[in-house]
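No lab work stands behind these numbers, since they all come straight from the coordinates. As the structure is a computational prediction, the values presented were derived from the model and not from experiment. Note that each Cβ is placed from the backbone with ideal geometry, even for glycine, and that neighbours are counted across all protein chains shown.
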């Protein structure tokens, strides 16, 4: 065996584990990135259940024509809170949380650059969630104006209840939290990398978190600004978005989507990162075209800030604007397609091992491409005019957000659960979860494409008994119930595996990134010794000293 | 550690996007007021311009405070931080008296879009100045307790970056609100 690469010595004493200082206070007062990361994940699970129940209420109300399961007001509150919860309190906290847990481990650092700021970010999310959900207890309940809160409906004369005020306050808290975690991530990734971990050797998940963090830092202030204006309109009688008093409702749309479109890349880029970690490990091959995956992410990040008005084709911005925003939006399909090609080419000729994380990753590619294709279609203004605000749009964004972000989240949970807890998740339950998700998800949302083309508007409280509408909606509702069942299996799997899952060991998947070089769960200080980094797969280099990834890399 | 300064640098960049949006809102409505108060018929560019000079001067005194720290002149460090606080407070006094004058003439945030955008933009800036004054006061307290040995201090440098940013934003705000209306 070559002696050029030193082997990490075995630890004589077992590393202290997080378990040893359990107790509520050790969590609440924690500034440890792993504990904060776990709390992020738990919080997003709780909100996921709440948002899921809201979705079920929506689907039950729509199960048959002219149904009166709930009142129209409650229905409006349900879809508003469902969308807001899933975006700001489920997908964002999950992806930020998993980033907070993994980024320091992946770059060989002890913690984030600013541990206390990290804790502040987390608790602001909880604070924002409480503010948002408190609105249910106010007179006439939560916000009823939809997740994009279009003016003037969200303004004083039209929404006199306190719902939108609490909504905007809650989201401002989450916004501050997001900027803080974005700043923390950027500084951590730029300054805390271990020797040898150059930018070109960063794990792709860290790359995606870096680009996402730049988007957070530069895009969240756009909506923070608009939210402040909306708050002033509602509380002090300012007139930013009230046309009756000289304001402009279109300005709100521009400001909202100026944030809203980059936001969808904030929701999907870290998911790309998870997929880019899972697929190589379960194909037993290094990622195909590392530079292209990283570079195309930067391209998506840059393009994403210049396409917002494709959400506003129905406004009538004029042909020049429509043409520009159509073409610019279609352009994003190129870097996204590059990624899909990279993932497929990574699997090509690999020894694919279909464990649950890989199943979700492969399904991610298929479902996400479905959502991407409808996305390219509706980027074209004339097509958008036909299907805008219909169930076709609902189907499209659930394919990219559920079929995309959430499938990646599931892949990530199954992949890193052994690292987080020291135990494997049950493969049997995992496969039940997977197949129930596939059936339930496609059953719920695929049929909505057709409902949309047939003219069913989104956010409609109920509908007349047109031919097939009742039966097609019933199919969608049954799909949603299957999806709910799949989530119960998932939660059951987490509980069972936490109690009696198989011991995982340090590196159950034989993965190559640094987080697998420490114990599971990692010691409080993460590493006693970090393996030398001389390539993109430090643990491969360690195990195969004769065939390292970069044979000519300098010994540091 | 370079970490702190990098954090403040990116934070300030993020904040500047926040202000760009407020300024865009102001610019968007600049020509849409048909009756009632506007920047042209209700503001005094000279008076506010004079108070602006105090804010500009405070940036200079903050820079001198940093210089004093670099040369380990602890007395001058305290004096220059104090001068910065006083100059910033004078600016805030000027803005407060301007606001009260306008409100006395019934020009408020809810009067029309000029009032809305003017009070929002200058208000958020004033809020940032006050936050800066609080941070400077903490710095002064720490300096009086002898916390800064020199020649470098991340605390002083970070507050300094923030203070110059607040100053820079005001130059843009003043140009957009006052100079645009009167030149």
Inset, instruction - Sort A:28, A:533 so that the residue with the fewest other Cβ atoms within 10 Å of its own Cβ comes first and the one with the most comes last. - result: A:28, A:533
Legend entry - Distance cut-off 19 Å, percentage of C-alpha pairs in chain B lying past it: 59
Legend entry - Residue exposure sequence - A:207, A:167, A:435, A:147 - by fewest surrounding Cβ within 10 Å: A:435, A:147, A:207, A:167
Legend entry - the protein assembly as shown, Cα convex hull volume normalised per residue, Å³: 183
Legend entry - Dimensionless Rg ratio for segment A:469-508, taking C-alpha atoms and the 2.2 N^0.38 Å reference: 1.88
Inset, instruction - Find the relative contact order for segment A:29-540 and round it to a whole percent, using C-alpha pairs within less than 8 Å whose residues are 6+ positions apart. - result: 17
Legend entry - Nearest-ten-degree value, helix A:391-400 long axis tilted from longest Cα axis of chain A: 10
Legend entry - Prolate/oblate/rounded call for segment A:138-185, Cα gyration tensor, a/c under 1.5 rounded: prolate
Legend entry - Shielding by other protein chains, B:14-25, mean Cβ within 10 Å: 6
Inset, instruction - Determine the gain in length on full extension of the stretch residue A:198-residue A:389; use 0.36 nm per residue of separation and subtract their C-alpha separation, reporting nm with one decimal. - result: 64.2 nm
Legend entry - Shape metrics for segment A:89-178, restricted to C-alpha atoms - Rg then Dmax, Å: 16.5, 55
Legend entry - Folded to 0 to 90 degrees: helix A:407-421 orientation relative to chain A principal axis, Cα: 40
Inset, instruction - Specify the angular offset, from 0 to 90 degrees and rounded to the nearest 10, of the alpha carbon long axis of helix B:74-104 from the longest principal axis of the alpha carbons in chain B. - result: 10
Legend entry - chain A: calculated mean residue ellipticity at 222 nm from DSSP helix runs of at least 4, using -39500 (n - 2.57): -21000 deg cm²/dmol
Legend entry - Average beta carbon contacts from partner chains per residue of B:101-112, 10 Å cutoff: 2
Inset, instruction - With a ≥ b ≥ c taken as the square roots of the eigenvalues of the C-alpha gyration tensor of segment A:408-491, please select rounded if a/c is under 1.5 and otherwise prolate if a/b is larger than b/c or oblate if it is not? - result: prolate
Legend entry - Along principal axes, Cα extents of segment A:133-284, largest first, whole Å: 60, 27, 23
